[in-house]
Amino acid sequence: MPFIPHTEQDIKEMLAVIGETSIEALFDEIDDHLKIKKPLSLPPQLTEMELSRFMQERAQKDLAGLCYIGAGAYEHHIPAAVFDIASRGEWMTAYTPYQAEASQGTLQLLFEYQTMMSSLMSLDSSNASLYDGASALAEAILMAVRLSKQNQLSRIFIPRTVHPHYRDVVRAITQQQGIELVEVPYDVKTGQISVTELKTLAKEGMTALVIPQPNFFGILEEVDLLTDWAHAAKAKVIAVVNPMAMALLKPPGQWGTMGADIACGEGQPLGVPLASGGPYYGFLCCKQEWIRQLPGRVVGRTIDLSGKPGFVLTLQAREQHIRRAKATSNICTNQGWLVTASVIYMSLLGPNGLRQAALTSHHHTSLLRESLATIKGVRIPFQAPFFHELVVQFDLPVDVVLTELMRYHIQAGFNLRKTYPELGEALLICVTETKSPDDLQVLAKSLCDVLKKCVAVVSAADHSGSQ
Amino acid sequence: MSKLIFEQSRQGRSAAAQCPHTASYSPSIPSHLLRQDTPLLPEVSELQVVRHYTHLSQQNFSIDTHFYPLGSCTMKYNPRGVHRLAALEGFLKRHPLSLDEASQGFMACAYELQELLKEVTGMKAVSLTPMAGAQGEFAGVAMIRAYHASRQDMLRDEMLVPDAAHGTNPATAAQCGYRVREVSTDSNGNVAIEALRAAVGPHTAGIMLTNPSTLGVFEQHIQEIADIVHEAGGLLYYDGANLNAILGKVLPSQMGFDVMHMNLHKTFATPHGGGGPGGGPVAVNDRLIPFLPIPRVTKRGDTYHWLTAEDCPHSIGRLSAFMGNAGILLRAYMYARLLGKEGMQRVAEFATLNANYLLARLKQAGFTLAYPNRRATHEFIVTLKNEAKTLTIHALDVAKRLLDYHMHAPTMYFPLLVPECLLIEPTETECKETLDAFVDAMVQIIEEARHHPTLLKDAPHHLPVRRLDEVKAARELNLVYRAKFNDDVS
């Protein structure tokens with residue numbers, strides 16, 4: 001019996017203490033007809049050795065060469081120490097730190113995390129994490145609605161330059177509460193939020209404006225201008241940002257005159273592997289004045305009986321286990337283990353290492369952009385400053401290009417066909433510090449080959465078709 | 001407390017092996033979009049980082065180091081093999097948006113996990129995407145809402161929640177736009193049937209129930225409850241937080257539930273990481289299938305495919321950017337494969353055996369049970385209301401003193417219905433010797449309460465910190481380190 005330590009003798013002794021003769025008797029308060037009668041249809045149990053072999057075969061199937069897909073999940077080098085330390089049982093197998101005195105490790109780490117993340121965002125406060133970037137944006141929007149304290153309908157402006165899956169999640173979570181989501185179009189020349197359209201749409205009122213930095217296309221938004229404009233219109237500003245980029249780019253707390261009110265996003269770039277999309281963690285920071293509307297766990301510093309400093313979960317009066325139906329959110333679990341990895345990652349990189357990782361990613365993207373611009377059949381639609389992603393367009397179907405590049409062991413990017421059909425055959429490519437200049441040359445050359453080959457195939461098909 | 005990592009920082013120090021080459025590129029980004037100041041991250045060596053976070057970890061209690069009978073949290077052993085295999089390169093490097101042909105390994109596991117969870121719940125379909133129990137609850141209640149809306153049944157604006165429920169239940173119902181109506185509990189720990197009858201009506205959207213309940217007893221009127229709510233046109237939501245008590249023994253579908261979530265970090269032994277990640281898949285019966293959150297995995301022939309919004313137009317939508325806590329799903333899948341058919345049936349049996357043994361021994365030792373006439377399920381409640389009167393000690397004091405005995409405290413002061421309560425859940429992976437040691441510690445602590453009550457009042461004594469002042473923490477908020485703060489106190 002895997003993981004069950006009982007010997008026959010143990011079972012006998014324990015039943016004797018209880019005063020029963022069988023384990024089955026312990027279930028006598030459950031009506032018989034509710035009980036499972038026929039054996040469950042499940043596979044037989046495996047030993048760890050058998051499972052290892054089986055899983056290695058499965059994992060092997062998903063090894064697919066160099067990955068240039070970004071779109072919200074980014075490959076960065078993760079130092080060996082990160083998961084060596086984070087995988088210690090004391091981190092990994094502890095529960096939420098309800099017993100503070102027995103959880104000072106987790107609590108101090110979370111306090112250090114709150115410090116690092118709020119400083120990266122240049123805001124006053126941070127919670128101890130949420131599920132992921134998309135759900136963090138939904139929570140940020142609900143928070144902004146609570147802050148606005150208006151009786152009229154809440155109108156949240158969410159640009160189309162925000163990750164399409166984030167917009168889906170926001171819709172799924174906020175639609176239950178009668179919040180109006182207003183999509184703001186982008187400028188087709190720059191790939192930035194269209195300020196003209198934004199101003200027109202805002203005439204009917206605006207509760208909050210979401211500003212992505214960088215945006216889904218990898219393009220940088222004019223954050224100062226947008227923040228000041230939104231504040232002038234008495235709206236809250238919610239930043240949704242890549243935290244690694246904030247080592248290089250102006251952070252939300254410094255946008256415009258007043259700074260963004262709330263900053264959120266996906267913590268994954270800071271030391272968490274791609275791993276099929278999770279577990280990652282969402283972060284949420286805000287100005288001090290909004291702290292009582294912040295959802296999720298928060299750690300505070302205090303003292304013990306003898307006056308020594310220590311840490312506890314605090315502001316619990318906002319939370320579901322106290323406020324129940326009146327809580328700021330239903331959230332209970334956060335993503336503590338990933339925050340552990342992230343804090344170790346940020347400590348190892350330090351301010352310079354993090355900036356250098358961001359800068360190298362940006363630089364390599366610039367290199368790729370230059371070389372792709374010279375390839376026939378590749379267009380770069382957006383002319384604006386960018387971070388570490390770029391959109392390219394082809395004359396040929398993107399899915400064909402992607403499938404062909406798989407033969408070169410390259411996953412070239414995210415196909416924009418479904419989410420941005422107006423861009424035609426467009427691909428979103430991401431380059432981080434993990435790709436060397438040599439890798440980039442291989443990508444450019446492979447793409448060149450594939451395009452030539454596909455053009456030949458397509459024109460041959462056209463030719464035979466016209467006969 | 002240990003020195004903060006920031007207090008170990010020296011300007012100019014770094015873990016140089018972790019810094020990408022330092023050629024100074026000048027970014028092609030206008031200066032008004034660039035950061036001018038330096039964020040407060042530590043400048044420390046790799047050894048300092050390793051030592052600091054190893055040292056901090058040693059200030060935690062965890063399953064790997066301590067008995068952790070935290071009621072309603074199912075702190076069972078998290079198999080190491082599962083953790084290692086989840087970190088195979090093919091799984092770690094797979095991008096969530098990789099093409100299907102480069103994802104068949106992961107998708108096969110996800111598909112088979114969906115099938116396994118269907119089998120152990122008796123439900124008809126599963127979505128794996130919710131990232132924790134509370135998000136699973138959200139998905140479930142949102143589906144109930146979508147179901148009523150699809151039938152133009154728009155008057156149902158009230159969700160019933162027993163007063164013993166987890167706090168997430170009413171919070172979730174409120175987040176889904178429902179009014180919450182509490183239903184009381186009878187003296188045996190069951191839902192008060194007359195109160196339920198009085199509460200249901202044309203405004204009832206459904207009821208959220210945990211079974212066994214948070215009181216550690218099996219809801220004996222579950223079928224009557226199901227009939228009453230169904231007759232009123234409502235649906236039954238099963239909060240799977242306590243699924244460990246019935247895994248392999250009773251199917252939630254058989255009890256009449258229409259929709260449920262599971263807590264993979266409880267029942268399926270995935271690590272809880274000091275507060276997450278969790279995993280909260282939802283399972284539904286036939287009538288709710290169209291509303292399941294996306295994406296899900298389906299199988300056509302020998303290949304696996306994603307079901308997305310195009311395939312599921314009535315879905316309540318997407319709850320995570322990608323595929324939920326995928327790595328947790330992998331771990332739960334592997335745990336289920338290690339248990340297999342044989343092991344799965346034994347989970348509830350041995351969780352229940354351990355709980356009833358512990359209950360019997362504590363009862364013999366003179367402790368008062370909240371529901372003395374009931375069987376324990378996988379957990380049970382001891383109330384210290386008598387000790388509070390005669391010895392003027394509280395559940396909190398006993399809990400804190402247990403820490404000195406190197407045991408994590410049970411859940412305290414929950415459920416709110418029982419005064420001075422400790423909710424105790426040993427789980428099936430603990431051996432008899434550990435349970436005996438817990439009883440000995442409890443007996444010893446009550447003995448101390450008689451003769452040296454300060455040992456309890458001032459506990460813990462042997463941990464890195466003494467009892468912490470939560471009131472001060474909330475009044476004088478100190479949530480981030482500032483160099484200045486350090487100067488002030490020195």
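The values are calculated or read from the model by the stated rules, or taken from the named source; none is laboratory data. A quick note: this is a predicted structure, and the numbers were derived from the prediction, not measured. Reconstructed Cβ throughout: ideal geometry from the backbone, glycine too, with neighbour counts over all protein chains shown.
Listed by position, the helices (runs of 4 or more DSSP H) inside segment B:1-109 whose residues that are modelled with pLDDT of 95 or more, more than 7 Å from chain A (Cβ to nearest Cβ) and more than 30 Å from B:Y413 (Cα to Cα) number at least 1 are B:46-57, B:80-86. Looking only at residues that are more than 7 Å from chain A (Cβ to nearest Cβ) and outside any helix (DSSP H, G or I) in segment B:466-484, which one is nearest to the chain's Cα centre (by Cα)? Going through the qualifying residues, I end up with B:E476. Just the residues that are surrounded by fewer than 17 Cβ atoms within 10 Å (Cβ to Cβ) and facing chain B (nearest Cβ under 7 Å), please, taken from segment A:41-58. Those that are surrounded by fewer than 17 Cβ atoms within 10 Å (Cβ to Cβ) and facing chain B (nearest Cβ under 7 Å): A:S41, A:P43, A:P44, A:E48, A:S52, A:Q56. Among strands (runs of 3 or more DSSP E) entirely within segment B:145-258, having at least 2 residues that are within 11 Å of another protein chain (Cβ to nearest Cβ) singles out B:158-162, B:179-183.
The rows are residues; the columns are (1) surrounded by 15 or more Cβ atoms within 10 Å (Cβ to Cβ); (2) over 18 Å from A:L305 (Cβ atoms).
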{"residue": "B:R401", "(1), (2)": "yes, no"}
{"residue": "B:L417", "(1), (2)": "yes, yes"}
{"residue": "B:I424", "(1), (2)": "yes, yes"}
{"residue": "B:R475", "(1), (2)": "no, no"}
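Scanning segment B:190-224 for residues that are touching an Asp or Glu at 6+ places or on another chain (Cβ under 7 Å), of a type in the set (A, V, I, L, M) and free of Cβ contacts under 8 Å to residues at least 60 places away in the same chain turns up B:V191, B:A192, B:I193, B:L209.
Segment A:203-274 holds no strands (runs of 3 or more DSSP E) entirely within its bounds that carry 3 or more residues that are in contact (Cβ under 8 Å) with a residue 24 or more places away in the chain, closer than 30 Å to A:A81 by Cβ and among the aromatic types (F, W, Y).
Among the conditions (1) of a type outside the set (S, T, Y); (2) surrounded by fewer than 18 Cβ atoms within 10 Å (Cβ to Cβ); (3) closer than 24 Å to A:L249 by Cβ, A:G413 misses just one, which is (2).
For segment A:396-411, the criterion of being among the polar types (S, T, N, Q), under 29 Å from the mean Cα position of the chain (by Cα) and within 14 Å of another protein chain (Cβ to nearest Cβ) is met by at least one residue. Would you confirm, using the coordinates I've provided, whether B:N386 is in a helix (DSSP H, G or I), polar (S, T, N, Q) and away from chain A (no Cβ under 12 Å)? Here the answer is yes, as B:N386 does meet what is asked. Picking from residues in segment B:309-329 that are at the interface with chain A (Cβ under 8 Å from one of its Cβ atoms) and in a helix (DSSP H, G or I), the one that is nearest to B:E379 (Cα to Cα) is B:I328.
Residues of segment A:251-272 that are within 12 Å of chain B (Cβ to nearest Cβ) and surrounded by fewer than 24 Cβ atoms within 10 Å (Cβ to Cβ): A:G253, A:Q254, A:G256. Applying a threshold of 9 Å to beta carbon distances and a minimum spacing of six or more residues, or different chains, the list of pairs starting in segment A:1-30 at a residue that is under 20 Å from B:V250 (Cβ atoms) and facing another protein chain (nearest Cβ under 7 Å) and ending at one that is surrounded by fewer than 15 Cβ atoms within 10 Å (Cβ to Cβ) and basic (K, R) reads A:F27/A:K35. Counting the residues of segment A:285-325 that are more than 7 Å from every other protein chain (Cβ to nearest Cβ), in a loop (DSSP other than H, G, I, E, B) and farther than 30 Å from B:D163 by Cβ gives 2.
All conditions but one from (1) closer than 21 Å to A:Q268 by Cα; (2) over 20 Å from the mean Cα position of the chain (by Cα); (3) small (G, A, S) apply to A:A94; the one that does not is (1).
Could you tell me whether B:G240 is over 30 Å from A:A100 (Cβ atoms), touching a residue at least 12 places away in the same chain (Cβ under 8 Å) and crowded, with 24+ Cβ neighbours inside 10 Å? Answer is no for this residue. Among the residues of segment B:31-52, those identified as buried (at least 16 other Cβ atoms within 10 Å of the Cβ) and either among the polar types (S, T, N, Q) or touching a residue at least 24 places away in the same chain (Cβ under 8 Å) (or both) are B:L40, B:P42, B:E43, B:V44, B:S45, B:E46, B:Q48, B:V49, B:H52.
Only a single criterion out of (1) at negative phi; (2) more than 9 Å from chain A (Cβ to nearest Cβ); (3) not aliphatic (A, V, I, L, M) is not satisfied by B:T429, namely (2).
Evaluating A:I303 against the criteria (1) more than 29 Å from B:G327 (Cα to Cα); (2) of a type in the set (A, V, I, L, M, F, W, C); (3) buried (at least 21 other Cβ atoms within 10 Å of the Cβ) leaves one unmet condition, (3).
Listed by first and then second residue, the pairs with beta-carbon distance under 6 Å, at least 6 apart or on different chains, first residue in segment B:362-376 and touching a residue at least 24 places away in the same chain (Cβ under 8 Å), second of a type in the set (S, T, Y), are B:A370/B:T383. For B:P419, the test of being touching a residue at least 12 places away in the same chain (Cβ under 8 Å) and not basic (K, R) is passed.
One line per residue, one yes/no per condition, for (1) in the same structural domain as B:A165 (by TED's automatic domain parsing); (2) of a type in the set (S, T, N, Q); (3) under 23 Å from A:A275 (Cβ atoms); (4) within 25 Å of the chain's Cα centre (by Cα):
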{"site": "B:S45", "(1), (2), (3), (4)": "no, yes, no, no"}
{"site": "B:L56", "(1), (2), (3), (4)": "no, no, no, yes"}
{"site": "B:Q59", "(1), (2), (3), (4)": "no, yes, no, yes"}
{"site": "B:S62", "(1), (2), (3), (4)": "no, yes, yes, yes"}
{"site": "B:F67", "(1), (2), (3), (4)": "no, no, no, yes"}
{"site": "B:S72", "(1), (2), (3), (4)": "no, yes, no, yes"}
{"site": "B:K76", "(1), (2), (3), (4)": "no, no, no, yes"}
{"site": "B:A87", "(1), (2), (3), (4)": "yes, no, yes, yes"}
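Scanning segment B:408-417 for residues that are out of contact with any Asp or Glu (no Cβ under 9 Å at 6 or more places or on another chain) and at pLDDT 95 or above yields B:H408, B:A409. The listed residues are A:V184, A:V195, and the only one of them that is closer than 15 Å to A:I238 by Cα and more than 8 Å from every other protein chain (Cβ to nearest Cβ) turns out to be A:V184. Just one residue in the set A:L142, A:L153, A:L147, A:L198 is under 30 Å from A:T106 (Cβ atoms), in the same structural domain as A:N215 (by TED's automatic domain parsing) and in contact with a strand residue (DSSP E or B) (Cβ under 9 Å, 6 or more places away or on another chain); that residue is A:L147. Just one of the listed residues (B:E420, B:E425, B:E379) is closer than 16 Å to B:V217 by Cβ, in contact with a His (Cβ under 7 Å, 6 or more places away or on another chain) and not aromatic (F, W, Y), and it is B:E425. Which of the residues belonging to segment A:332-352 are closer than 28 Å to B:T172 by Cβ, of a type outside the set (A, V, I, L, M, F, W, C) and within 7 Å of chain B (Cβ to nearest Cβ)? Residues satisfying the conditions are A:T333, A:N334, A:Q335, A:G336, A:T340. In the condition set (1) surrounded by fewer than 18 Cβ atoms within 10 Å (Cβ to Cβ); (2) without any contact (Cβ under 8 Å) to a residue 60 or more places away in the chain, B:D436 is compliant with all but (2).
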